[in-house]
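Novice: My structure is below; once you've seen it, I'll send some questions.
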Amino acid sequence: MKKRLLIFGTFGALAIAAVLGYRHFFLARPVGRGPAGPAVLREAFARPWTDRRVLLLGLGDSVTDGFGSTEGHSYFDHLVDIHAALLGHGIHCRQKWHRHYDAKDPHYWYFGNLEDPNDRGYDAIRRVFLIEMVKTLKP
C-alpha cells in the first residue's frame, strides 16, 4: 500500500511539474517594465537640430523604393532594422533554448494579437529609430 501511494505521489508530482513547466515556457508572456531596447544618448537630442519646418511625405511605390533620388539621398536609404530589435521578444520569449533568447530582457513585446507591438515593443522601436537618427542626421 505504501509503495503504491509513493508511486502515485511521484507521478502526481511529476505531472504538476510538467504542467507548471509547460505554463512557464509555452504559455506565459511576461511583459516586464521599464525601457525596452537599446539605450539612446540624451545629448544628441538636447537641442533642436533645425529651426526649419520639415515635411516628410511618401507616396506610391516609386517614392517608397527611392526612385528619382541619387544614391544616399533618399530618406528610404536609412531604413531601420526593427526585426532584429524585436527578435527574442515574441511568443517564445521564455524559451531559453531558442537562439534569439534575450537573457537580459526575456519579456514579451507584442500585443495580444501576436503582430502588433505592446508599449514596450513600441518603446524599443522608438529607441532604434532615435539611434538611427543620431547616426544619420547628426549635425
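What follows draws every value from the coordinates through simple rules; no lab data is involved. This is a predicted model, so every value here is computed, not measured. Because the Cβ atoms are built from the backbone with ideal geometry, glycine has one as well, and the counts that use them run over all protein chains shown.
Novice: How do Y22, Y108 rank when sorted from fewest to most other Cβ atoms within 10 Å of their own Cβ?
Specialist: By the 10 Å Cβ count, ascending: Y22, Y108.
Novice: Contour minus end-to-end for H83 and L27, with contour as 0.36 nm per residue of separation and end-to-end as the Cα-Cα distance?
Specialist: 17.9 nm
Novice: Only counting other Cβ atoms within 10 Å, I'd like M133, M1 sorted with the fewest neighbours first.
Specialist: The most exposed by this proxy come first: M1, M133.
Novice: Here's something else I'd like to know. At a 10 Å Cβ-Cβ cut-off, how would you order T136, T50, fewest neighbours first?
Specialist: T50, T136
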